Amino acid sequence: MTTLVQSVSDVYDEYMANGDPRVTKWPLMEGPGPTFLLVTIYVLFVKKIGPAWMMDKKPYDLRYPMFLYNFVLVFTNFYLILETFRILVKPTSKLFCRIDNKNDPDSLRLAELGWWFFFMKFIEFADTIFFVLRKKNKHISTLHVVHHAVVPIAVWGGFRVEPGNYNYFFPLINTIVHTVMYSYYGLAALGPSVQKYLWWKKYLTTFQMVQFVMVFFYVMSLMVGNCKVSKFIIYLNTFLAGLFLLMFYDYFQNTYLRKRAIKKQKDLDDKEQASREKNGSVPHQNGHIKSDKKDH
């Protein structure tokens, strides 16, 4: 046991020593403690403290704060997208195997954008807090909480050692997804009069799954291309892409595919029932057929 603890301690010390000196002194970057603390507070509040506190209270009407919150996130994510593409479209820029030149201002700018992406993961805790304050606890699924809790920790781990260069891909694709997603949530917050026009909700989950597939293939391309990329980043991104792809697919299957199958079966049952009634016989409560026709 002592050997195991020492091994873990050695790996941790080596990891902390290999942090990128450009970012290790930035807010929340010196050590994992603040990130783990914020995540722990978040989980405790949305799973225990918040629901217990709201138990004897009426749900808050947060329609307009939610609208404002969602569209602030839309514009913030869109700004990060524009800034990232401003760097990537330069003739001298590379999409793959970006060289880690610590004196390159574009590399530093990608690191700055990466930090803001990381910081926004804590702002997005409000997604679940709104559910708690509105007493929509059924929306606080395992997927929802795990996603919000794991991503900040994972982003901290990857960002501290690889803040820019080839590690730009997940923040970029995720901000694109979130721009679309928070646009939907912002409009949905306005109520039923607007929600009836939002037919594209189920495609958000599909879009989420596509991003994880894209991250997986991007990471694989780095390996195939023999890019100088840390194995830690490869393993981290591959694990997270696989984990969330499976979790989002399970959510998609339970939310849409099974509901569709149940609805289809119900429609078939209704047609069969209508056909029996038309022919003058309907199932009796005890399971026997009761005929409306008289015997002659």
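The values are calculated or read from the model by the stated rules, or taken from the named source; none is laboratory data. Note that the coordinates shown come from a computational prediction; the quantities given were computed from them, not determined experimentally. All Cβ positions, even for glycine, are placed from backbone atoms using ideal geometry, and neighbour counts span all protein chains on display. Please note that ligands, DNA and RNA were not included when accessible areas were found on the heavy atoms of the full protein model with its side chains. Shrake-Rupley method; radii C 1.70, N 1.55, O 1.52, S 1.80 Å.
Some observations on this one:
- Qualifying position, being in a helix (DSSP H, G or I), over 25 Å from Val177 (Cβ atoms) and in contact (Cβ under 8 Å) with a residue 40 or more places away in the chain, among Pro51, Pro59: Pro51
- Considering only residues in segment 176-215 that are open to solvent by 80 Å² or more (accessible area, probe 1.4 Å) and either in contact with a helix residue (DSSP H, G or I) (Cβ under 7 Å, 6 or more places away or on another chain) or not hydrophobic (A, V, I, L, M, F, W, C) (or both), the one that is nearest to Leu82 (Cα to Cα) turns out to be Tyr185.
- Per the listing Tyr184, Tyr168, the residue uniquely modelled with pLDDT of 90 or more and either assigned to a helix (DSSP H, G or I) or touching a Phe, Trp or Tyr at 6+ places or on another chain (Cβ under 6 Å) (or both) is Tyr184.
- Of residues in segment 220-242 being touching a residue at least 24 places away in the same chain (Cβ under 8 Å) and of a type in the set (A, V, I, L, M), the one farthest from Gly158 (Cα to Cα): Leu222
- Here Gly19 meets the list (1) in a helix (DSSP H, G or I); (2) at pLDDT below 85 almost entirely, failing just condition (1).
- Verdict on Pro163 being open to solvent by less than 20 Å² (accessible area, probe 1.4 Å) and in a helix (DSSP H, G or I): no
- Tallying residues that are closer than 15 Å to Phe125 by Cβ and either open to solvent by 90 Å² or more (accessible area, probe 1.4 Å) or hydroxyl-bearing (Ser, Thr, Tyr) (or both) within segment 49-66 yields 1.
- Some residue of segment 123-136 being of a type outside the set (Ser, Thr, Tyr), in contact with a His (Cβ under 9 Å, 6 or more places away or on another chain) and part of a helix (DSSP H, G or I): yes
- Residue list for segment 69-85, restricted to those being modelled with pLDDT of 95 or more and exposed (fewer than 13 other Cβ atoms within 10 Å of the Cβ): Phe75, Leu82
- Hey, Tyr64 closer than 30 Å to Phe217 by Cβ, of a type outside the set (Asp, Glu), out of contact with any helix residue (DSSP H, G or I) (no Cβ under 8 Å at 6 or more places or on another chain) and assigned to a helix (DSSP H, G or I) or not: no
- Boolean, Phe169 is surrounded by 15 or more Cβ atoms within 10 Å (Cβ to Cβ), without any contact (Cβ under 8 Å) to a residue 60 or more places away in the chain and closer than 20 Å to Lys121 by Cα: yes
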